[in-house]
1. Do we have residue 246 as out of contact with any Pro (no Cβ under 9 Å at 6 or more places or on another chain) and either acidic (Asp, Glu) or within 25 Å of residue 158 (Cα to Cα) (or both) here?
2. If a residue must be assigned to a helix (DSSP H, G or I) and either surrounded by 13 or more Cβ atoms within 10 Å (Cβ to Cβ) or of a type in the set (A, V, I, L, M) (or both), how many such residues does segment 256-273 contain?
3. Taking only segment 126-140 into account, find how many residues are hydrophobic (A, V, I, L, M, F, W, C) and surrounded by fewer than 14 Cβ atoms within 10 Å (Cβ to Cβ).
4. Is it the case that segment 209-216 has a residue that's aromatic (Phe, Trp, Tyr), touching a Leu at 6+ places or on another chain (Cβ under 6 Å) and modelled with pLDDT of 95 or more?
5. Restricting attention to segment 145-184, and to residues there that are crowded, with 17+ Cβ neighbours inside 10 Å and of a type in the set (Val, Ile, Thr), which single residue is nearest to residue 277 (Cα to Cα)?
6. Taking interchain pairs and intrachain pairs at least six residues apart, which have beta carbon atoms under 9 angstrom, with the first residue in segment 67-93 and closer than 16 Å to residue 4 by Cα and the second buried (at least 21 other Cβ atoms within 10 Å of the Cβ) and among the aromatic types (Phe, Trp, Tyr)?
7. Has segment 187-199 got any residue that is under 20 Å from residue 149 (Cα atoms), in contact with a Lys or Arg (Cβ under 9 Å, 6 or more places away or on another chain) and of a type in the set (Ser, Thr, Tyr)?
8. Residue under question is residue 136, and the condition is that it be of a type in the set (Val, Ile, Thr), farther than 24 Å from residue 82 by Cα and free of Cβ contacts under 8 Å to residues at least 40 places away in the same chain; does it hold?
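The values are calculated or read from the model by the stated rules, or taken from the named source; none is laboratory data. Source: prediction; values computed, not measured. Note: ideal-geometry Cβ built from the backbone for every residue, glycine included; neighbour counts use all protein chains shown.
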Amino acid sequence: MIDIHTHMFPPDICNNRQNYFENEPEFRLLYDSPKSSLIGASELIHNMDDQGVDMSVVFGFPWNSIETSKFQNDYIMKMVDAHPDRLIGFCCLNPAHSGAAREVERCIQGGLKGVGELAFYQSGLDAHTLAALSPIMTLCEENNLPVLIHTNEPVGHLYPGKAPMTLLEIYRMVQRFPKNTLILAHWGGGLFFYHLMKKEVKDALAQVYVDTAASPYLYDIGIYPVAGAAFGYDKILMGSDFPLLKPSRYINDMKKAGVPDDALAAVSGGNAAKVLGIPAGR
């Protein structure tokens, strides 16, 4: 079992979150409440053991401060080195920073296996954002590494972390970077439905996957068979968004929804292994 979407933080951020609120309105929005959990590697691995998860993709937060991003990414690299058979690290930062591409390159050289979760909680996926993403996408394309992007549904209730983006913006991003392997968090905001169209969209989504992060808060369990039929179970990756929710919640929901056993195995790990280049049987 591979969890494609988990967050962890260095001890100083976990223990002193208020010290990191200045000039980080997005972080404060999501983590101002003490009920919003911040965990480190030991808590994550304990949960993995309890939940039967073999490997987790780990990342922090897309900090505006490049210094905080480096601090966070250094911790991810250190924990991946300490637990190479359990953790797969992604580089996370704000792509708009002038030093973003250099930091991504440093993290790739340091052994991280992708970039994400990149989130644009205030701007959405506008033209300025796509321009900022371009050098990072080039680096990931050259190194055959996936990029995980925060996306969300453009309708329904508001909640902390729901960005002002449209399906057209998400689609234009996909079109802008056709050679990149993209993982669209939170079901890609529903973009997967348009895979059913006869022209253009199916080809545009060839390198695109969606993850299930936060699904129990957003969708009825019917989302699983619907997405499987519309997009293909081979394009869905189980992401828990832990510590938001535990992986077992997703596995149980998929079983209740009637997801076939072979599809369940693919969604809960097989697909992620292919995307991440993990050899069979590791």
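1. Against the criterion (out of contact with any Pro (no Cβ under 9 Å at 6 or more places or on another chain) and either acidic (Asp, Glu) or within 25 Å of residue 158 (Cα to Cα) (or both)), residue 246 qualifies.
2. Residues meeting the conditions: 11.
3. Step one: list which residues in segment 126-140 are hydrophobic (A, V, I, L, M, F, W, C), which gives 127, 130-133, 136-137, 139-140.
Filter once more, keeping what is surrounded by fewer than 14 Cβ atoms within 10 Å (Cβ to Cβ): 127, 131.
Selection size over segment 126-140: 2.
4. So in segment 209-216, the residues aromatic (Phe, Trp, Tyr) come out as 209.
When the remaining residues are screened for being touching a Leu at 6+ places or on another chain (Cβ under 6 Å), the result is 209.
Filter again for modelled with pLDDT of 95 or more, leaving 209.
Among the residues of segment 209-216, at least one is aromatic (Phe, Trp, Tyr), touching a Leu at 6+ places or on another chain (Cβ under 6 Å) and modelled with pLDDT of 95 or more, which makes the answer yes.
5. Selected residue: 181.
6. Close Cβ pairs (under 9 Å, with a partner that is buried (at least 21 other Cβ atoms within 10 Å of the Cβ) and among the aromatic types (Phe, Trp, Tyr)) amount to 76/59; 76/90; 89/59; 90/59; 91/59; 92/59; 92/61; 92/63.
7. Yes, segment 187-199 contains at least one residue that is under 20 Å from residue 149 (Cα atoms), in contact with a Lys or Arg (Cβ under 9 Å, 6 or more places away or on another chain) and of a type in the set (Ser, Thr, Tyr).
8. Taking the combined requirement at face value, the residue does not satisfy it.
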